[in-house]
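Data first, discussion second: the structure below is written as structure tokens.
The values are calculated or read from the model by the stated rules, or taken from the named source; none is laboratory data. Predicted, not measured: the structure shown is a model, and the values here were computed from it. Don't worry about glycine lacking a Cβ; one is built from the backbone with ideal geometry, like all the others, and counts go over all protein chains shown.
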Amino acid sequence: MKGYAGKILRVDLSNGRSSAEEIPDGMKRDFLGGRGFAAKLLWDEVKHVDPLSEKNKIIFSTGPLTGQSLPSSGKMVIASKSPLTGGYGDGNIGTMAAVYLRKAGYDVMVAEGKSEKPCYLLIEDEKVKIMDGSELWGKNTFEAQDLLERKHGRNSGILLIGPAGENQIRFSVVMSQKGRAGGRPGLGAVMGSKNLKALVIKGTGSIPNFDDEKLKEIGKKGYEEIKGKESYDFWVRQGTMQVLDWCNENTCLPALNFREGIFEYSKQLDGYVLEKTKIDRKGCPLCNMQCGNIVNDSSNRPSELDYENVGMLGPNIGMRSLPEVALLNRMADEWGLDTISLGSTIGFLMEASEKKLIPEKIGWGDFERAQKLIIDIGKDEGLGKLVSRGVRTASETLGKGSHRWAMHVKGLEISAYNCHACPGMALSFGTSPIGGSHKDAWVISWEISTDRLSYSKEKVEKLIEFQRIRGGFFECATVCRLPWVEVSFGLHWYPEYLEAVTGSRMNWEDFYKIGDRVYNLIRAYWKREIPQFGRGWDYPPDRWFEEPLSQGKMEGVKLDRQRFDQMLSWYYELRGWDQNGIPTKATLDHLGLREASKEMIG
Amino acid sequence: MAELKFLGYLAEVVGARTKNVVLDKPTSLRKILPASFPEENVIILIDKKVGSFDSLIENGNSIIIMPVLSGG
């Protein structure tokens with residue numbers, strides 16, 4: 001099939017061997033790429049292992065649209081068995097490494113085993129070397145990026161971890177290009193456990209497409225369509241930061257550890273403040289609507305902001321100043337910590353302090369203590385030790401009812417949307433295939449535009465539709481979803497792009513089926529790896545059911561557990577899962593997942 | 001007087017983040033907005049309830065008009 005490099009590069013860090021193997025056509029057809037390839041490889045190869053042992057594998061996976069001359073295609077999915085959740089974990093990242101991996105002749109790179117000493121991988125087309133990483137170990141992600149660029153040139157794609165990944169902090173991430181991050185469920189820690197500090201990828205080749213001329217023509221039209229959108233100029237100025245004002249107006253901002261949905265000081269943190277202080281804009285390769293807004297932080301160093309990190313390190317922990325939030329964000333990026341989980345863990349500690357469950361005094365918005373906590377978490381020291389495995393484990397350690405406001409699903413901290421008054425979005429968090437993530441189905445906007453407080457079957461159907469498009473198609477084709485969702489770029493382009501790339505005409509029904517296959521395999525993976533996994537894992541935290549909002553237009557509103565339960569049952573029915581949330585034999589067989597069916601059910 | 005609040009790029013379209021209008025009689029929202037106002041991917045809330053461009057607006061109403069977003 002055209003449009004693929006057609007190879008998986010494997011590097012065994014234990015013995016230094018590398019090999020390239022063919023990707024079967026059936027795997028391309030059934031799983032498309034990106035998340036699909038990663039889920040298939042993890043299912044086949046990573047079974048019942050400790051996520052931080054050498055038996056785990058970390059997968060860097062692209063899709064057929066990655067690196068192509070079409071809108072926002074510079075993406076890669078990083079996946080592994082998660083040390084934070086114990087289940088399937090992945091995240092996408094926009095990076096030149098995605099583009100260069102394909103140019104080097106690979107769709108996927110799998111790192112397995114464990115190096116005896118700190119190392120990094122140098123991939124230059126077919127040449128693969130394991131390099132001494134002792135000079136890099138201990139360096140933050142900005143310093144290490146500079147060092148590797150000096151050594152190997154700027155025309156290389158670099159993925160790396162910070163000291164938090166080296167210290168195997170369970171919500172450390174993989175970073176790139178000083179501010180790009182991916183792999184929220186602790187994939188930085190997986191690299192750290194392998195003594196793998198970085199990947200440096202250089203590629204000089206090209207992948208033949210089915211019809212390059214056509215792709216060039218329709219790719220150009222796509223870029224032009226995006227630029228012509230009425231919302232484009234505003235997007236370029238504020239990017240995702242416009243969401244802060246939007247969420248505050250709609251009472252779905254995370255404030256004070258998701259206790260409230262509005263924040264009194266939100267106007268000091270929003271997109272309009274960003275516009276005034278912005279010094280630069282950057283983002284992923286091949287994108288003409290880059291969303292990385294750079295501001296100077298309170299110590300005058302550049303920091304790349306977007307809504308999620310400002311939402312979680314701002315209102316969620318009571319911070320009132322954007323430059324100070326930017327400094328916390330910069331620290332998180334240097335240490336290689338996920339900003340969403342970091343904001344949640346700091347919020348957890350602030351609430352624990354307020355409730356006098358810990359002796360330390362950490363007030364909401366305490367900037368000095370927040371900085372100290374980031375260092376403690378990155379080093380796994382002091383109070384940082386309590387939360388460095390995430391809020392689920394922290395609440396198990398602390399007890400005293402703290403699990404009710406430990407804001408996670410399946411062990412992954414919830415991203416920046418308060419769902420007291422958004423049952424559909426709460427279900428989206430509940431059923432996301434990696435835990436409390438918004439990226440698969442941001443149904444909240446649709447929900448607010450319809451009957452916000454309803455618990456309808458229609459809402460569940462819409463959620464699944466979004467999961468199929470966002471978590472299925474975009475993650476597998478491995479291009480960014482933001483052109484579609486943020487400036488209404490037409491979905492009709494994507495079958496055309498894939499046809500020009502692969503020569504195969506597919507429609508959205510085909511993409512939905514691939515998405516369903518991937519979702520079911522991931523679901524089966526959770527069940528195989530965690531035998532007690534089931535329905536109970538799909539609920540958001542008690543706080544949203546038990547403590548109504550006390551401020552704003554939705555004052556007094558909380559989720560209704562019984563009606564949420566009904567929506568969850570509908571979700572399982574529509575997915576073809578049993579009422580414990582496990583795919584049935586018929587569903588797995590229908591999707592061609594016979595091996596999973598055999599292993600799960602017999 | 002009816003209060004209209006515009007979020008995101010829609011504030012640019014009307015040239016203001018908020019607008020107050022005094023109405024003699026109930027008037028459809030469409031008539032209050034500029035002719036060039038986008039009608040797709042827009043959320044309209046009138047006194048916290050979902051509305052449309054055909055909804056009749058009267059003095060005392062609080063209207064929020066916002067784009068459909070994704071949130072990163």
So which residues in the range A:257-272 are within 14 Å of chain B (Cβ to nearest Cβ) and over 20 Å from residue A:235 (Cα atoms), if there are any at all? A:261, A:262
Taking the condition closer than 22 Å to residue A:76 by Cβ, in contact with an Asp or Glu (Cβ under 9 Å, 6 or more places away or on another chain), part of a helix (DSSP H, G or I) and not charged (D, E, K, R), does residue A:375 pass? no
Assess whether residue A:340 counts as being outside any helix (DSSP H, G or I), within 20 Å of residue A:363 (Cα to Cα) and within 14 Å of chain B (Cβ to nearest Cβ). no
Selection within the range A:549-601 - touching an Asp or Glu at 6+ places or on another chain (Cβ under 8 Å), within 20 Å of residue A:425 (Cβ to Cβ), of a type outside the set (Gly, Ala, Ser) and without any contact (Cβ under 8 Å) to a residue 60 or more places away in the chain: A:572
Got at least one residue in the range A:471-486 being buried (at least 21 other Cβ atoms within 10 Å of the Cβ), within 14 Å of chain B (Cβ to nearest Cβ), closer than 30 Å to residue A:562 by Cβ and at pLDDT 95 or above? yes
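Here's the yes/no breakdown for (1) within 14 Å of another protein chain (Cβ to nearest Cβ); (2) free of Cβ contacts under 8 Å to residues at least 12 places away in the same chain; (3) closer than 20 Å to residue A:324 by Cα:
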{"residue": "A:243", "(1), (2), (3)": "yes, no, yes"}
{"residue": "A:252", "(1), (2), (3)": "yes, no, no"}
{"residue": "A:255", "(1), (2), (3)": "no, no, yes"}
{"residue": "A:274", "(1), (2), (3)": "yes, no, yes"}
{"residue": "A:279", "(1), (2), (3)": "no, no, yes"}
{"residue": "A:283", "(1), (2), (3)": "yes, no, no"}
{"residue": "A:293", "(1), (2), (3)": "yes, no, yes"}
{"residue": "A:298", "(1), (2), (3)": "no, no, yes"}
{"residue": "A:302", "(1), (2), (3)": "no, no, yes"}
Residues A:354, A:381, A:334: which one is more than 30 Å from residue A:534 (Cα to Cα), touching a Phe, Trp or Tyr at 6+ places or on another chain (Cβ under 8 Å) and free of Cβ contacts under 8 Å to residues at least 12 places away in the same chain? A:354
Residue under question is residue A:320, and the condition is that it be modelled with pLDDT of 95 or more, in a loop (DSSP other than H, G, I, E, B) and not hydrophobic (A, V, I, L, M, F, W, C); does it hold? yes
Could you list, in sequence order, all residues of the range B:22-72 that are touching a helix residue (DSSP H, G or I) at 6+ places or on another chain (Cβ under 6 Å), more than 12 Å from chain A (Cβ to nearest Cβ) and aliphatic (A, V, I, L, M)? B:57
Hey, residue A:598 closer than 25 Å to residue A:253 by Cβ and either at pLDDT below 95 or in contact with a Lys or Arg (Cβ under 9 Å, 6 or more places away or on another chain) (or both) or not: no
When you scan the range A:491-499, do you find a residue that is within 14 Å of another protein chain (Cβ to nearest Cβ), in contact (Cβ under 8 Å) with a residue 12 or more places away in the chain and in contact with a His (Cβ under 6 Å, 6 or more places away or on another chain), even just one? no
Answer residue from the range A:220-241, given it is without any contact (Cβ under 8 Å) to a residue 24 or more places away in the chain and within 9 Å of chain B (Cβ to nearest Cβ) and is surrounded by the fewest Cβ atoms within 10 Å (Cβ to Cβ) among those: A:233
Take the range A:276-288 and flag every residue that is touching a helix residue (DSSP H, G or I) at 6+ places or on another chain (Cβ under 6 Å) and buried (at least 16 other Cβ atoms within 10 Å of the Cβ). A:285
In the range A:30-61, the residues that are of a type in the set (A, V, I, L, M, F, W, C) and closer than 30 Å to residue A:507 by Cβ: A:31, A:32, A:37, A:38, A:39, A:41, A:42, A:43, A:59, A:60
